[in-house]
Amino acid sequence: MGRIKRKTILFVIIIFTLSFGMVKATDFALHKSSETEFCISCHSMTIPYNDYIKSPHYANQHGVSAQCKDCHINEKSNIEYLTAKLGGIKDIWFETTGKIDSKEKYEEHRMEMAQTVWKQMEANNSATCRSCHDYDKMNFDKMSAKAKQQMQIAASKNQSCIDCHKGIAHSLPKVKSDTFDINELKSGSTAYTTTISPLYNNQDFASIKAKILPYTQFTILDKVNGAIKIKLNGWQEAHKNLLYAMEGKRITDAVIRGLNDIQETGKTYYNHTTKKSWKELSIIAWIKSTPVTTNINQQWEKNKFEYESKCAQCHQKVQEHHFSSNDWPAQFKGMARQAKLTKNETQGILKYLQYHSSDITNNVEN
């Protein structure tokens with residue numbers, strides 16, 4: 001009997017020792033795999049790492065550096081902790097199967113990976129961010145006036161950090177844009193420009209001040225040795241040198257100063273509020289090689305993402321339908337300057353906002 005008891009005790013000790021060893025080994029493995037050095041041991045992870053070391057989360061005036069786990073693993077929740085560890089297996093699988101083993105492949109999938117992280121942060125109200133950035137511990141008086149105002153609004157609503165701070169440690173993904181060179185279009189084709197491009201009176205390209213703005217619809221009339229002859233239709237308010245997309249709506253399609261072939265169609269519109277007359281114009285001009293698209297809805301998605309990710313860095317997002325198409329230009333001017341947008345980004349996002357404003361329910365394609 002004593003012999004059986006000794007065997008039982010020995011068996012229990014062995015099981016306990018093995019179990020304890022497995023637990024400690026698992027714990028060690030979990031913590032070791034959370035270290036930044038482990039994360040960047042995969043070649044593909046050096047790409048986001050290079051983004052990270054250029055950000056304030058790596059080097060700043062306080063000398064405090066956040067590690068990968070500080071942002072990506074919520075250690076206060078066992079479920080989220082294990083979910084994050086299991087999610088890491090996916091990244092290893094992507095690495096071994098070659099899905100993201102090059103810069104080009106990584107950029108191709110950056111959006112879907114970013115959206116996965118953003119959704120996690122939205123779901124837990126940016127729990128990992130709050131382990132360092134707590135509304136209750138913020139000294140708003142030490143912030144700039146603009147930052148103080150916006151952060152106090154966010155604090156009052158207990159807003160999730162990721163709502164405004166996408167791209168703070170890694171480069172923002174680029175939305176795929178279905179663009180191609182205008183020379184690929186045939187005569188008679190209709191498309192939209194995607195950048196600011198000069199307009200000319202003839203194929204000699206003598207410089208004038210005319211230009212076409214992003215997301216302006218045009219029709220190709222002719223192609224001569226790399227020069228493209230196009231037709232624009234739009235509206236002119238009073239004697240302004242601007243072509244607007246719709247009567248009464250200051251959605252700018254082109255600057256028409258210096259163009260010779262401008263014809264009135266006979267259609268007019270009178271705005272009783274501004275007491276200004278509008279007239280429809282048909283314009284013929286020439287353009288050089290420039291990127292264009294036939295998929296305007298994809299461009300709206302691109303501009304929507306740019307608006308939400310870049311303009312929300314400074315303040316809560318203003319809904320597209322909050323302003324009318326004529327009010328947006330003045331409202332957006334300050335946003336574009338604060339967000340340091342390029343001229344093309346400014347014009348593109350502004351036109352997106354105008355086409356999705358309170359007085360326009362359908363986009364340009366409808």
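The values are calculated or read from the model by the stated rules, or taken from the named source; none is laboratory data. From a predicted model like this one, the values you see are computed outputs, not experimental measurements. Reconstructed Cβ throughout: ideal geometry from the backbone, glycine too, with neighbour counts over all protein chains shown. Please note that ligands, DNA and RNA were not included when accessible areas were found on the heavy atoms of the full protein model with its side chains. Shrake-Rupley method; radii C 1.70, N 1.55, O 1.52, S 1.80 Å.
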Discussion item. Treating only the Cα positions of region 227-366 as identical point scatterers, give the base-10 log of I(q)/I(0) from the Debye formula at each q in 0.13, 0.15, 0.18 Å⁻¹.
Written reply: -0.64, -0.84, -1.15
Practice prompt. Treat each spin label as a single point 7 Å out from the Cα along the C-beta direction, and report the SER324 to LYS99 distance in nm.
Written response: 4.9
Practice prompt. Could you pull out the trypsin sites (Lys or Arg not before Pro) across region 72-178 that fall in loop regions by DSSP (anything but H, G, I, E, B) with no more than 16 other Cβ atoms inside 10 Å?
Written response: LYS76, LYS99, LYS157, LYS174, LYS176
Practice prompt. Please work out the average accessible area per residue across the chain, using the 1.4 Å probe convention, and give it in Å².
Written response: 59
Response to the item:
Ordered by number, the trypsin sites (Lys or Arg not before Pro) in region 284-341 that occupy a DSSP loop and have at most 15 other Cβ atoms within 10 Å are LYS288, LYS317, LYS340
Worksheet item: Expressed in nm², what is the orientationally averaged projection area of the convex hull enclosing the Cα positions of region 270-342?
Response: 7.8
Worksheet item: Can you give the direction-averaged projected area of the convex hull of the alpha-carbon atoms in the chain, in nm²?
Response: 27.8
Fill in: Theoretical ellipticity at 222 nm over the chain - DSSP helices of four or more residues, -39500 (n - 2.57) apiece, nearest 500
-12500 deg cm²/dmol
Worksheet entry | Longest exposed-site-free window of the chain, the sites being chymotrypsin sites (Phe, Trp or Tyr not before Pro) in a DSSP loop that have at most 16 other C-beta atoms within 10 Å | 206-366
Fill in: Size of electric dipole in region 179-321: Cβ of Lys, Arg +1 and of Asp, Glu -1, about Cα centre, debye, nearest 20
340
Worksheet entry | Amide H contacts under 5 Å for PHE323, placed H, 5+ residues apart | SER358
Fill in: the chain: most fluctuating residue of GLY266, GLY348, GLY258 per GNM, C-alpha cutoff 10 Å
GLY266
